[in-house]
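Enquirer: Can you read through this structure? Questions will come right after.
The values are calculated or read from the model by the stated rules, or taken from the named source; none is laboratory data. Here the structure is a predicted model, which means the values were calculated and not measured. Cβ: placed from backbone, ideal geometry, glycine included. Neighbour counts: every protein chain shown. Ligands, DNA and RNA are stripped out before the accessible areas are found, and what is left, the full protein with its side chains, is counted by its heavy atoms. Shrake-Rupley method; radii C 1.70, N 1.55, O 1.52, S 1.80 Å.
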Amino acid sequence: MVVTLGILALQGDFTLHKKMLAQLDAPSILVKYPHELEKCDGLIIPGGESSVMSKLIDSHGFRNPLLEFSKTNSIFGTCAGMILLSSTASSPNLNPLNILEFTVCRNAWGRQIFSFSKEIEVNINDGVNFMATFIRAPKVTEISDSLKVLSTLNDEIVLISDGKHLASSFHPEFGSDTQIHKYFINLVKENEKKHSLPN
C-alpha cells in the first residue's frame, strides 16, 4: 500500500521531514492550505516555534480541518508539533489542538544553546536504538493511560502514541536514521486499512 504523507508547512523545519520521507521513497507534499489535507493519508506537524505555529493554524483556517483530519487519519507531531497535539492548557500565545491526552512544559530541556543528541531506546519493532536530537524540547508533565510510552530519556517521556497518532519531544528528522519515520508510515498504513474495511 502506497500512502501520501503531508507535512504542515506553515513554519518550522518541514523541509527536513520531506528529505527524510524521500529517503524512504514515501510520496509527500508540503501542506500550506487546509484543502491540501484532502490529498494526505497522514500528516507530520514539524518542530519550530509552537506559539507562531498555533497562531498560523488559526489565521490560515487550519484548526477545524486538522481536528476533522485527526479523527480518521494519523498525525505525527515532533517537538513543537508534539506541543500542538497535546491537551496543554491554552495561553494567550498558544492554543493546542487537544488531539492527544497529555500535557507538556515547553522548552523544559533547556534553551537552544543546551541542545544535544543522545542515543535512546525506542520500543518499536522489538526495540531499536535511535540517536535523538533535542532542541528546546518539551517535557511531558501528565499523560493519560490511553497513551503508550515508546521511549524515555532520564525517566522523562520522549515518544508516545495512541496507536494512531505519534508525538516526539525530539527531532527525528535530524541525521539519516529513518526508523521513526518508517514507523509512522506503518501507523498510517495500518490506520488506512482499518478505515477501508467494510462496516
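Enquirer: Take the conditions modelled with pLDDT under 95 and in contact with a Leu (Cβ under 6 Å, 6 or more places away or on another chain) and apply them to Ser87. Does it pass?
Expert: no
Enquirer: Just to be sure I understand, how many residues within the stretch 154-173 are within 21 Å of Glu119 (Cβ to Cβ) and crowded, with 18+ Cβ neighbours inside 10 Å?
Expert: Residues flagged as within 21 Å of Glu119 (Cβ to Cβ) and crowded, with 18+ Cβ neighbours inside 10 Å within the stretch 154-173 amount to 13.
Enquirer: Can you tell me which condition Phe76 does not meet? The list is (1) of a type outside the set (D, E, K, R); (2) in contact with a helix residue (DSSP H, G or I) (Cβ under 6 Å, 6 or more places away or on another chain); (3) under 20 Å from Gly6 (Cβ atoms); (4) surrounded by fewer than 22 Cβ atoms within 10 Å (Cβ to Cβ), and all the others hold.
Expert: (4)
Enquirer: Can you name every residue in the stretch 121-151 that is β-branched (Val, Ile, Thr) and farther than 17 Å from Leu100 by Cβ?
Expert: Val122, Ile124, Val128, Thr133, Ile135
Enquirer: With the checklist (1) under 25 Å from Ile135 (Cα atoms); (2) open to solvent by 30 Å² or more (accessible area, probe 1.4 Å) in hand, flag the one item Gly6 doesn't pass.
Expert: The number of the failed condition is (2).
Enquirer: Any idea which of Asn98, Asn129 is part of a loop (DSSP other than H, G, I, E, B) and either of a type outside the set (D, E, K, R) or open to solvent by 60 Å² or more (accessible area, probe 1.4 Å) (or both)?
Expert: Among Asn98, Asn129, only Asn98 is part of a loop (DSSP other than H, G, I, E, B) and either of a type outside the set (D, E, K, R) or open to solvent by 60 Å² or more (accessible area, probe 1.4 Å) (or both).
Enquirer: Could we say that Ser51 is modelled with pLDDT under 95 and open to solvent by less than 40 Å² (accessible area, probe 1.4 Å) here?
Expert: Taking the combined requirement at face value, the residue satisfies it.
Enquirer: With the condition kept exactly as written, say whether any residue in the stretch 146-153 is open to solvent by 10 Å² or more (accessible area, probe 1.4 Å), at pLDDT 95 or above, outside any strand (DSSP E or B) and not charged (D, E, K, R).
Expert: Yes, the stretch 146-153 has at least one match.
Enquirer: Which numbered condition trips up Lys182, out of (1) open to solvent by less than 70 Å² (accessible area, probe 1.4 Å); (2) at pLDDT 95 or above; (3) over 20 Å from Ser86 (Cα atoms)?
Expert: All conditions pass for Lys182, except number (1).
Enquirer: Quick test of your reading of the structure: Leu84 fulfils all but one of (1) open to solvent by less than 10 Å² (accessible area, probe 1.4 Å); (2) closer than 15 Å to Gln11 by Cβ; (3) out of contact with any Gly (no Cβ under 7 Å at 6 or more places or on another chain); (4) among the hydrophobic types (A, V, I, L, M, F, W, C). Name the failing condition by number.
Expert: (3)
Enquirer: Would it be correct to say that Ile124 is closer than 18 Å to Phe184 by Cα, modelled with pLDDT of 95 or more and part of a loop (DSSP other than H, G, I, E, B)?
Expert: Judged against the criteria, Ile124 is not a match.
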